[in-house]
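Here is the structure we will look at, set down as structure tokens.
We did not get these values from a lab; they are worked out from the coordinates using the rules stated. Quick caveat, the model's predicted, so the values are computed rather than measured. Counting neighbours? That spans all protein chains shown, and the Cβs are built from the backbone with ideal geometry, glycine included.
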Amino acid sequence: MKQAQEKLGPIDMLVNCVGTSMAEKFEDIRIESFRRLMEINYLGSVYPTRAVINTMKERRMGRIVFVSSQAGQLGLFGFTAYSPSKFALRGLAESLQMEVKPYNIYVTVAYPPDTDTPGFAEENKTKPLETRLISETSGLCQPEQVAKIIVKDALHGNFNSSVGADGYMLSSLTCGMSPVTSITEGLQQPTELVTETTNLLRLAPGATYNDHHV
């Protein structure tokens, strides 16, 4: 990374798109596989970001993208090793955005759905039936489509990047207290608050609420 900057100049946008996946039941996954996925999917994004962050701060400009996954927004059957490594990117991104925003550096976390790549084909070789059935409900996106959306959101300084209507709804329901970088993202958080409050009321001891009344 240092050699690239010396030869080509400072990096304006870093896209951390390194990653690998596996889909197996928890008890069938070797312990070293948990470590391997964290090293690739999480630390594989930490190292390049560390390499460019000081230069971006000095220049007071930059864009940093972390490519997570919809499996980094909610845990799924068969992804007990994969999902945590993608969830970790969100925690990193949220913390980092707070640190670098005063330097005019914006962080984007992308949550792409299943995408037609060689990695996805490899993942399907060991995917449990339950995971496959869940996966088939959302369809398969093309890499070019996903890449265009991610770059567009990064250039606009959006913190969250999702693909399609399903992706937008999932981001709305799981946004929590993510940094707000647009009016749309600002509206997502109250929506989630209402949803979570409704769920708590339904679960409260002695509650008589139902879908019709709430």
Practice item. Find the centroid of the Cα atoms in the range 108-148 and in the range 1-39, then give the distance between the two in whole Å. Key: 17
Point to revise | Nonlocal amide H pairs with MET13, under 5 Å, H built at 1.01 Å | key: ARG63
**Study point:** Kirkwood hydrodynamic radius of the range 53-110, from inverse mean 1/r over distinct Cα pairs, in Å
**Key:** 12.2
Exercise for review: Please tell me the relative contact order of the range 8-112 in percent, rounded to the nearest whole number, where contacts are Cα pairs under 8 Å and at least six residues apart.
Suggested key: 35
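Would you work out the relative contact order for the range 2-183, in percent, from Cα pairs under 8 angstrom that are 6 or more residues apart?
24
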Check your understanding: Given the convex hull of the Cα atoms of the range 121-160, what is a quarter of its surface area in nm²?
Key -> 3.8
Study note, to complete from the structure: Over the range 70-168, the quotient of the Cα radius of gyration and 2.2 N^0.38 Å is 1.17
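Which peptide among 132-143, 101-112 comes first, and what is the full order, when sorted by highest mean count of other Cβ atoms within 10 Å?
101-112, 132-143
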Review point. Mean separation of Cα pairs under 8 Å and 6+ residues apart, divided by the residue count of the range 89-159: what relative contact order is that in percent?
Key: 42
Practice item. Return the ratio Rg/(2.2 N^0.38 Å) for the range 1-138, where Rg is computed over Cα atoms only. Key: 1.16
